[in-house]
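Okay, so here's the structure we're looking at.
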Ligand SMILES: Nc1ncnc2c1ncn2[C@@H]1O[C@H](COP(=O)(O)OP(=O)(O)OP(=O)(O)O)[C@@H](O)[C@H]1O
């Protein structure tokens, strides 16, 4: 306890100085302040123990058809920085690109250092090619639903879906009240409805890369399993509706009334089911989607990444790449703190190489830079070292 306290005090006192000295090399600061960059630095000084990990960006960029990239992992590991830098890189390689944040605690605006809030697509300034950004907000989606529903009540909506028989149970519940209630999963529903728009609306068809900056692990797994949940719920409703119709028919024929025609499930339900299947399938298709796991070299982050990969594998979501972000670069004049951190990182990299979930993934090394990654130049700088 005393040792760790001391260590944390020492590290706090020295980290800002020594990290800057060891990690600095004037790299990102130099880039931002207009100086020249030693382009060979990261390649030459990457951790000796790591297999040279290029992302094979050539493979990621070569396909002309639309591809979805989801970047996810534990909170704070660098998901937004990696997603934003990937989007900038795709755009500058000629792919009209959209970068979308599905994290309720958005940080795209901070990452690009410009206002991308408001729940609508906004062009990213400072990029020569087409790059739009969107921070999804449930509020905007609620407004969209309200305007589309034209003020219908829940009863009217259920009637139009062929579910009027249940509507009585719901009384005169108002759609607005329901949408205004803090419903669990509303962020994920907003994200899915946006994905559907990107897939179906002609105005988005020219975008060939869609990059998702996802929320920390739990949220994202919920997002990926939600279409399945809806799919099975719709099936249950359809079955229930058939059963009720059959029971009512038997009941009526017992009393000599004309038999009720077995109704087919309503069109709206079928359509909803189809659309959910579409989202579900696109996230599981190796030709259209890739989930890139982002982690940092700590045991806790790696353990979470391993569990995330297991869940994604179970869901059949394609994963090929793992970014290990914030790696301390090698240095000749190492202080004690840095050399201890580096030893620890090397040990954790060994854990990744021996982890049954993670060892098969393409490992991408991303160095700890000497400044916060904010703004397009910084994202380009990061992208040139991560996505190569
Ligand atoms: N390789 C790096 N070198 C230096 N700073 C970094 C690096 N990667 C990320 N950062 C910084 O770490 C902070 C967190 O990064 P980022 O917002 O990308 O993480 P996140 O995983 O998206 O976080 P959250 O889960 O909170 O959304 C930011 O200040 C970012 O600039």
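Every number here is computed from the coordinates shown, using simple stated rules; none is lab data. Since we're looking at a predicted model, the values are computed, not measured. Here the Cβ is made from the backbone with ideal geometry for all residues, glycine too, and neighbour counts use every protein chain on show.
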(request) Please give the peptides 79-90, 364-375 ranked by average Cβ packing (other Cβ atoms within 10 Å per residue), highest first, as a rough proxy for protection. (result) 79-90, 364-375
(message) Counting other beta carbons within 10 Å of each residue's own, what order do 95, 219 fall into, fewest first?
(response) 219, 95
(request) Extending each Cα 7 Å along its Cβ direction at residue 120 and residue 281, get the distance between those two points in nm, one decimal. (result) 3.4
(request) Arrange the following residues from fewest to most other Cβ atoms within 10 Å of their Cβ: 344, 332, 290. (result) 332, 344, 290
(request) Translational diffusion coefficient, Stokes-Einstein: compute it for the range 273-328 using the Kirkwood radius over C-alpha pairs as Rh, at 20 °C and 1.002 mPa s, and state it as an integer in µm² s⁻¹. (result) 172
(request) Taking the Cβ of each residue in 110, 128 as the centre, tally the other Cβ atoms inside 10 Å and list the residues starting with the fewest. (result) 128, 110
(request) Find how much the distance from residue 315 to residue 54 grows on full extension, using 0.36 nm per residue of separation minus their present alpha carbon separation; answer in nm with one decimal. (result) 91.3 nm
(message) For the range 268-388, compute the orientation-averaged projected area of the C-alpha convex hull (one quarter of its surface), in nm².
(response) 10.4
(request) Any chance you could tell me what percent of the C-alpha pair distances in the range 87-134 go past 18 Å? (result) 22
